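Peer 1: This is the structure I have questions about; it appears just below.
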Amino acid sequence: MVSARENFNKLLAENANQKVEINLLQEKVQCLMKRLFGRGSEKFSPDQLELELEELRDLQEALELAETKAELAEEEQKESKRGKRKGLDARIPKDLPTEIIIIDPDEVNAHPELYKKIGEERLEQLDITPTQFIKI
């Protein structure tokens with residue numbers, strides 16, 4: 001019986017040692033997992049950023065070039081269809097008769113001495129009167 005009891009104690013001690021070793025190995029595995037997959041594992045060099053920025057610059061330049069070509073082609077199409085248009089001031093003759101309409105509220109027209117002019121709005125419109133045939 002002594003040998004069975006010694007054997008049993010020996011196995012208990014070995015079991016305790018193995019539990020300690022298992023805990024130690026599990027801690028090492030956790031430490032390695034953090035090192036591999038944790039924040040510290042995402043190391044990069046500034047050269048990697050430069051490569052990405054250069055690719056972006058190349059893409060941006062290509063995009064700008066394509067936009068410029070598209071704008072030029074669009075302008076050429078417009079010009080070829082109807083030529084350049086003049087501004088509205090250049091197209092309206094200067095000698096056209098002008099009609100000035102002043103719109104004042106009824107209260108102001110009733111007692112103009114009670115009011116003071118603080119500003120005005122000007123609006124120019126082109127009105128077309130249909131042609132009339134008159135027998136003389």
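Bear in mind these aren't lab numbers, they're just calculated from the coordinates by the rules spelled out. A quick note: this is a predicted structure, and the numbers were derived from the prediction, not measured. Cβ atoms come from the backbone with ideal geometry, glycine included; neighbour counts cover every protein chain shown.
Peer 1: Students often check this: by mean Cβ neighbours within 10 Å, which of 71-77, 98-104 ranks highest, and how do the rest follow?
Peer 2: Answer by packing, highest mean first, reads 71-77, 98-104.
Peer 1: What does the extension gain come out to for residue 126 and residue 12, with contour length at 0.36 nm per residue minus their alpha carbon separation?
Peer 2: 30.2 nm
Peer 1: Estimate the FRET efficiency between residue 53 and residue 30 by the formula 1/(1 + (r/R0)^6), using the beta-carbon distance for r and 30 Å for R0, to the nearest 0.05.
Peer 2: Efficiency at R0 = 30 Å is approximately 0.20.
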